[in-house]
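I have placed the structure first, in the form of structure tokens, so that the comments after it can refer back to it.
Nothing in this text is a laboratory measurement; each read-out follows from the coordinates by a stated rule. Not measured: the values here are computed from a predicted model. Positions of Cβ are generated from backbone atoms using ideal geometry, with glycine treated the same way; all protein chains shown enter the neighbour counts.
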Amino acid sequence: MSESIVSIRNLATHYPITGGWFGPTPVVRALDNIDLEIKRGQFFGLVGESGSGKTTLGRAILKAAPISAGKIIFHDGKKEFDINTLAKQDVLAFRRQAQLIFQDPYAALSPRMTVRDIIAEPLEVMKLTNSKVETNQRVREIASECRLDVEHLRRFPHAFSGGQRQRISIARALVANPSFMVADECVAALDVSIQADILNLLKSLQQQRGLTFLFISHDLSVVAHVCDVVAVMYLGRLVEMAPTRKLFAKQRHPYTAALLSAIPSLDLDHHHMAIKLEGEIPSPITPPSGCRFHTRCAYAQDRCKMEIPQWRKLDDDHSVACHFADELDL
Amino acid sequence: MGRPLISVRDLTIQFNTDEGTVTAVERVSFDIAPGEVMGLVGESGSGKSVTAKALMRLNAPNSFYGPDSRIILSLDDREIDVLALKSPSDLKIIRGGAVSMVFQEPMASFAPALTIGSQMAEALMIHLKVSKREAKTVAIDMLTRVGVSGASSRFDQYVVELSGGMRQRAMIAMALSTKPKLLIADEPTTALDVTIQAQVLELMQDLVEEFHMAILFITHDLGVIAQTADHIAVMYLGQLMETGTTRSVIHQPRHPYTRGLLNAIPKLDELDAPLVAVSGDIPSPLERPAGCVFHTRCSEVIKGRCATVEPEIKLVGQDHDVACFAVELADEERTEKAAP
């Protein structure tokens, strides 16, 4: 049994933009040179600003975004799936193993279906149960695991608050008993007061069921609390990856350090806005040459404009893509 | 402290709906001094946006105000009774004149078919009674001031051509171009990335100093306003739970709800601390709990009291008010011990 549930080698996703009449068709370079491994049972965090490609990466793993180059291998412990060349009969088996929790719990649930029907739908579509009794039994089990009352199952989504809706979405993703879940900004639309509730639920699912999570978020403070490993993306490339504690103790890429210092602090006597990022993330159609971060980097030098930094290991579990990672004191 | 810029007293706002009368805001009172930043904090459904909209009289036609509700806006030369304003020309002063607003979603706040510039100029021509050419100069100045690069070319662009951060800056520029005395910012950074949020928050702090304007800053995240606000008011289900200086509310939060909100924020320097949510969900405003509105989610309920009697908001320290029986009880016990 392989230790990695997802292995990605040199992945690229490019979207051609139609409508260009002259010259070559412009291309959105959503992902380039992605190399990473997600270990079984891990809570893997993926962070970056909007436009960094984190959602595209999550979708590529779920076979919901095109793969222009490279390879994604999904291994659920029994069977290996090559996402590029997934045979038709394997697609269903793969979809059962890998599920997605969406960002907006208000848009993700059909207003015309009862909570019971929403949660039962995957079972019915994939024909995973033999009778309606069995389906209902399964729905009730999952609902109670996600702390929904049996009472709630007969109601429609409009009757629920954001936090409750997100629990319904999680129950639906969980009902087919997957081994891997992509949670794409699943607490971004929630109030801070109930965000913790959803995070604790996901964490307990990881611990009790051995589920593997790819947790996509723009919020480093949330990621710091739930994830085992964090990868930071910028404009379609990985810039840094390390175990959470290691990364938060010492950042080796200026972008990670800048993201961290932008988090609003409750500490009234200490403004730690050490590094301020000017401007915004550039367009992925014409990404900057060399290191894509050089236009906003306070430490950029001539070399950064010319040469793309290699994605390299600083030690056995800390990777970075910066020419000066060894010299900078962040 | 001198005369407050805006004084809200016993503000009660109700809505007539198909399902009955909904009380969105109940007996809310607060003052904002000139040049002060006031943070209004609460979950969705706590009534913070409805309160803010009342200051500009933007609530829907099915809303009505309680008989004792007063909102007084004090300008240099006169006092305006906001709730008594009737004609559209009288309302102009609180709608873009002395009071201006920045919304959460800048995409929804600009008309998509008109250029940014024409919308800014329109506001200026109405409120400052200037010519089109003068309006354009002021608008471009303002865009430059808030950090929109290439302001003169942005003037002729449409909102879809701008990125999220630029849209929010343009929104702020438009709101500030008439030099309002009070800016209402309703979750102005919630839709932005943390890096852009940091830029916008810093910009707002600079503008307060430069224009000496007051801000009513609405948010669900105490972390966002801790560095920005002078005073904080915590709202729950339409009522004020706790108000005070930012320092006292953040460092010595008294109300169980405020403490819950603070505990729920993931903190980077305490990675081992478990995340604690405020238990349960905010009840529907149609089913407002009796007694203290927070008692259904409170961990410090006093039996036979909180579920039946409504606590009043009372002074607990210098410039610090709390509406909670548990806090009252704790303070009484402390004074009894001190005086044998």
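Remarks
- Cβ-based exposure ranking for B:Tyr236, A:Tyr299, in which fewest neighbours within 10 Å come first: A:Tyr299, B:Tyr236
- Other protein chain C-beta atoms within 10 Å of residue C-beta, averaged over B:259-266: 5.
- Take each residue in B:183-195, count the other chain C-beta atoms within 10 Å of its C-beta, and the mean is 4.
- Sorted fewest first by neighbouring Cβ atoms within 10 angstrom, A:His253, A:His294 come out as A:His294, A:His253.
- The angle between the Cα long axis of helix A:192-209 and the main principal axis of chain A comes to about 70°, on a 0 to 90 degree scale.
- Listed peptides A:123-131, B:170-178, B:151-159 appear in the order B:170-178, B:151-159, A:123-131 once ranked by packing, highest mean of other Cβ atoms within 10 Å at the front.
- Assuming charge only on the beta carbon of Lys and Arg (+1) and of Asp and Glu (-1), the dipole of segment B:1-123 about its Cα centre is about 180 debye to the nearest 20.
- For chain A, a Gaussian network of Cα nodes joined below 10 Å ranks A:Leu314, A:Leu36, A:Leu268 by mean-square fluctuation, and the top entry is A:Leu268.
- For chain A, calculated [θ]222 nm from helices alone, where every DSSP H run of n ≥ 4 adds -39500 (n - 2.57): -9000 deg cm²/dmol
- For chain A, the longest principal axis of the alpha carbon atoms and the long axis of helix A:88-97 meet at an angle near 90°.
- Helical segments meeting 15 Å axial Cα length and Kyte-Doolittle 0.0 threshold in chain B (DSSP H): B:116-127, B:164-176, B:194-211
- Positive-end residue, segment B:37-135 charge dipole about Cα centroid, Cβ charges, pick of B:Ser69, B:Leu83, B:Leu128: B:Leu128
- Order of B:Leu216, B:Leu268, B:Leu207, A:Leu31 under a 10 Å beta carbon neighbour criterion, fewest first: B:Leu268, B:Leu207, B:Leu216, A:Leu31
- Applying both filters, DSSP loop and at most 14 other Cβ atoms within 10 Å, to the trypsin sites (Lys or Arg not before Pro) of segment A:240-330 gives A:Lys250, A:Lys276.
- An oblate overall shape is assigned to segment B:128-199, the ratio a/c of its alpha-carbon gyration tensor axes (a ≥ b ≥ c) being 1.5 or greater and a/b not exceeding b/c.
- Loop-located GluC sites (Glu not before Pro) in segment B:2-103, at most 13 other Cβ atoms within 10 Å (DSSP): B:Glu19
- Centre separation in Å (Cα based) which lies between segment B:63-78 and segment B:93-137: 25 Å
- Fraction of beta bridges assigned by DSSP in segment A:176-245 that are antiparallel (%, nearest 5): 55 percent
- Loop sites in segment B:218-306: GluC sites (Glu not before Pro), DSSP, at most 13 other Cβ within 10 Å: B:Glu270
- Pairs of alpha carbons in the protein assembly as shown separated by more than 49 Å make up 18% of all such pairs.
- Taking a ≥ b ≥ c as the square roots of the eigenvalues of the Cα gyration tensor, segment B:57-107 is oblate, since a/c reaches 1.5 or more and a/b is not larger than b/c.
- Amide H contacts of B:Val316: B:Asp321, B:Val322, each under 5 Å away and 5 or more positions distant or on a separate chain (H built 1.01 Å from N in the peptide plane; Pro and chain starts excluded).
- Calculated from backbone phi, Karplus (6.51, -1.76, 1.60) coupling profile of segment B:75-92 in Hz, x at Gly/Pro: 9, 3, 9, 7, 10, 10, 8, 4, 6, 8, 5, 10, 6, x, 6, 6, 6, 3
- Acute angle (nearest 10 degrees) that the helix A:115-125 long axis makes with the longest principal axis of chain A, alpha-carbon atoms: 80 degrees
- Under 14 Å from the Cα of B:Lys267 - aspartates and glutamates, other chains or at least 8 residues apart: A:Asp219, A:Asp267, B:Asp221
- In sequence order, segment A:130-139 has phi-based couplings of 9, 8, 5, 4, 5, 4, 4, 4, 5, 4 Hz under the Karplus curve 6.51 cos²θ - 1.76 cosθ + 1.60, θ = phi - 60°, and Gly or Pro positions carry x.
- Listed peptides A:52-58, B:120-126 appear in the order A:52-58, B:120-126 once ranked by packing, highest mean of other Cβ atoms within 10 Å at the front.
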